[in-house]
1. Over the residues of the range 271-395, compute the C-alpha Rg and express it relative to 2.2 N^0.38 Å.
2. Taking H placed 1.01 Å from N in the peptide plane, check which residues at least 5 places from Leu187 or on another chain put their amide H under 5 Å from its amide H.
3. Would you mind getting the accessible area per residue of the range 297-427, heavy atoms of the protein chains only, 1.4 Å probe, in Å²?
4. My understanding is that a pair violates if its Cα-Cα distance is over 26 Å; which of Lys351/Lys430; Lys63/Lys93; Lys344/Lys414; Lys351/Lys377 do that in this structure?
5. Restricting the calculation to Cα positions, tell me the Rg (one decimal) and the Dmax (whole number) of the chain in Å.
6. With the full set of protein chains in place, find how many percent of the accessible area of the chain is carbon and sulfur; take the probe as 1.4 Å.
7. Just how far, in whole angstrom, is the range 362-404 from the range 195-210 if you go by their alpha carbon centroids?
8. Could you name the aspartates and glutamates in cross-link range of Lys335, using Cα to Cα under 20 Å and dropping any fewer than eight places away on the same chain?
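The values are calculated or read from the model by the stated rules, or taken from the named source; none is laboratory data. From a predicted model like this one, the values you see are computed outputs, not experimental measurements. When the accessible area is computed, the model is the full protein with side chains, heavy atoms only, and any ligands, DNA or RNA have been set aside. Shrake-Rupley method; radii C 1.70, N 1.55, O 1.52, S 1.80 Å.
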Amino acid sequence: MADLFASDPEPAAAPLADRLRPHALAEVVGQDHLTGPEGAIGRMVAAGRLSSMILWGPPGTGKTTIARLLADAVGLRFEAISAVFSGVADLKKVFAQARDHARAGHRTLLFVDEIHRFNRAQQDGFLPYVEDGTVTLVGATTENPSFELNAALLSRAQVLILHRLDAAALMTLLDRAEAAEGRPLPLTPAAREALVASADGDGRFLLNQAETLFSVALPEPLDPAGLSALLHRRLAAYDKDREGHYNLISALHKSLRGSDPQAALYYLARMLVAGEEPLYVLRRLVRFASEDVGLADPQALVQCLAAKDAYDFLGSPEGELAIVQACLYLATAPKSNAAYRAQKAAWRSAKDSGSLMPPAHILNAPTRLMKDIGYGKDYAYDHDQADGFSGANYWPEGMQAQTFYRPVERGFEKRIAERIAYWEDLRARKRD
């Protein structure tokens, strides 16, 4: 199979990002924790021996570049395929060629771009060739390997995490671009910083934007407003059914639980700006209101349901303000998971206790037979008591009374705790 990454265009026609690809690991920016002398990759190269690895990181952080440089650094033949374009027949051909080269003494580094796109059976196909050393596998993925790759494959490869490029690394790329072009970018210092921010950690995107700026004739350097009018921002990386989605909803939930309204509002904005379905966010807020606020502030659930109704009525973008209001209410409300813990304890007790009958005195007796066998006998109607409380036992015969709900000493639950204590004290006195 032809190397999908090998047919480089003529240097003059090559995109700027391709012309600026590093020629040595030391030139890779932003990944010193891996490529530096003390990093996992730096140590392997120094030893002259590579193990199979999965490079996990955002787009434009150098995964393909590092794979190429690794092959050169330790003298391996480089073979590259993409899971987007390749199937089982392509893999078989690659493995057969790698075996032939191995017999001639030439080991192969197989780079698999978007490796998470191979299905589980295809991933299993790598195992024998990785185990016997036919190939050293270097896979690249933007998705969490824990979710997307087979456990068997993960056990045979190190997972190395690449970071999104920080501002310093992106500025270095701009410096290199200007050196390659022999002229500065037509930007004011403020616009240069805005350009770096617009890349959102993606080096390839930044260099493509720089190439566009080099290609236009401008009478004077652009300020941030002029830059924004000429170029577009990189859209935030966010897949509604993948890790970015779960990371942000987790961050929103934890910020709410930690009573940080500013951070909670930030993560809410991240999700909605990236195109998350507002009703999904509202469902999570409603759940939070019951799980983490509960009866410490009974209005929390009311606020969230009101926000859902307001959003249904107004839609986007006007209705999103109601979601913001609910988010801020939850973040600033007193917190209690007592109802959540009570539910879990009660459910567990119900499963453990089986089919115990309630005591006969609290059972209705709609038929003569039921009355004859004692249903409803001696039932004490609470409203007939002077204090509106009978103090009767409502637990099944042979089952001790249990305590599932333990209100906290915060918010409205403090008053609930006082009510429970009042009833318990009255119940004990009536039994005595």
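1. The value comes to 1.63.
2. Under 5 Å from the amide H of Leu187 lie the amide H atoms of Leu222, each far enough along the sequence or on another chain.
3. Result: 67 Å² of accessible area for each residue.
4. With Cα atoms farther than 26 Å apart: Lys351/Lys430; Lys351/Lys377.
5. Over the chain's Cα set, Rg and Dmax evaluate to 32.1, 103 Å.
6. On the chain, the fraction of accessible area on carbon and sulfur atoms equals 54 percent.
7. 72 Å
8. Filter leaves Asp260, Glu291, Asp292, Asp297, Glu409, Glu413, Glu418.
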